[in-house]
């Protein structure tokens, strides 16, 4: 089986699609699939990947990702008959349009992973521009899809709400499983937010909830780690000062071993997000053995079933109430929850298992036969 995966760009920070798409490609290659990953070329400190082919930006706004070179290459590959599957990740840039055009008049089958871009929250951002792009570019390309991929039930519903009736494969992202080492920080116990500092992620809500809850828990501190636009990060730091919150630190981006160390040192991880199609940081925290608080904007209802954390409504009162319960929980109980989360990730979210289900889905698309259990036809 030969396939091409397409992602608009890969950032230096290995998170979100910049982590999950390359790891999916690597896992498919390990299972015997011939994979190339196509992306636009952007200066980055990340080492080059042997299966990655990059293309230059063309003339036009960088946010659109116009690349005639990528468009021509995809058309040639689809028409050649040598590539059986094209799998595109995310929406709203031209690299997410080109595969639909390339596959439309070829035997190549198209798979589309929206990666959260069809959620109500995402569609409400820059809505006027998106309506134009949708009408003339994105929707016609998506009509060519043979199958969609959703990382959770909520994203499946997003696909259907937008009017698409193609089969949908529902599979989560995988996560790398480090050894379980519960090495909490000495001194104060730590509540960790680690991710992109962006309005979608609920940092402002977290600061306001911390202002209410923190005085009752002097043995806890809040650490906010991650990249973000300088202006917005400064706004959040200023808000923390205005609220006069105590025991809080903005520590900037962390990568690689430093990221894993941050998860392991924290007693709790928190993501009070508006909207996530998956929430890679949640899986990473659980894999590191750290229990999680996450809002229902992310598809993590299993936290309750597996006794690995809290899954709560979005809002100040629900978050304050949850913090009061979670921060009162004994260290021993939190460690038990961390072990449960690690075992859950090991059982259901290892990359080998996820890649195997993708291969089964791809083969079904090409050969027919019994519908895989992860595929929803209606």
All but one of (1) more than 28 Å from residue 350 (Cβ to Cβ); (2) surrounded by 13 or more Cβ atoms within 10 Å (Cβ to Cβ) hold for residue 49; which doesn't? (1)
When residues of segment 32-55 are limited to those that are in a loop (DSSP other than H, G, I, E, B) and at pLDDT 95 or above, the one farthest from the chain's Cα centre (by Cα): 32
Pull up segment 287-314, narrow it to residues that are in contact (Cβ under 8 Å) with a residue 24 or more places away in the chain and over 23 Å from residue 259 (Cα atoms), then point me to the one that is nearest to the chain's Cα centre (by Cα). 297
List pairs: first in segment 5-30 and assigned by TED's automatic domain parsing to the domain that holds residue 54, second in a helix (DSSP H, G or I) and modelled with pLDDT under 90, Cβ under 6 Å, 6+ apart or cross-chain? 7/17; 10/18; 11/18
Determine which member of the set 114, 99 is assigned by TED's automatic domain parsing to the domain that holds residue 170, surrounded by 14 or more Cβ atoms within 10 Å (Cβ to Cβ), modelled with pLDDT of 95 or more and within 20 Å of the chain's Cα centre (by Cα). 114
Within segment 349-370, can you find the residues that are without any contact (Cβ under 8 Å) to a residue 24 or more places away in the chain and either on the phi < 0 side of the Ramachandran plot or in contact with a strand residue (DSSP E or B) (Cβ under 6 Å, 6 or more places away or on another chain) (or both)? 360, 364, 367, 370
Quick one: which of 146, 150 is modelled with pLDDT of 95 or more, in contact with a strand residue (DSSP E or B) (Cβ under 7 Å, 6 or more places away or on another chain) and closer than 23 Å to residue 273 by Cα? 150
Does at least one position in segment 288-306 carry a residue that is over 20 Å from residue 173 (Cα atoms) and at pLDDT 95 or above? no
Any chance segment 244-260 includes a residue that's farther than 25 Å from residue 157 by Cβ, modelled with pLDDT under 95 and in a strand (DSSP E or B)? yes
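The values are calculated or read from the model by the stated rules, or taken from the named source; none is laboratory data. A quick note: this is a predicted structure, and the numbers were derived from the prediction, not measured. Cβ sites come from the backbone with ideal geometry, for glycine too, and all protein chains shown count toward neighbours.
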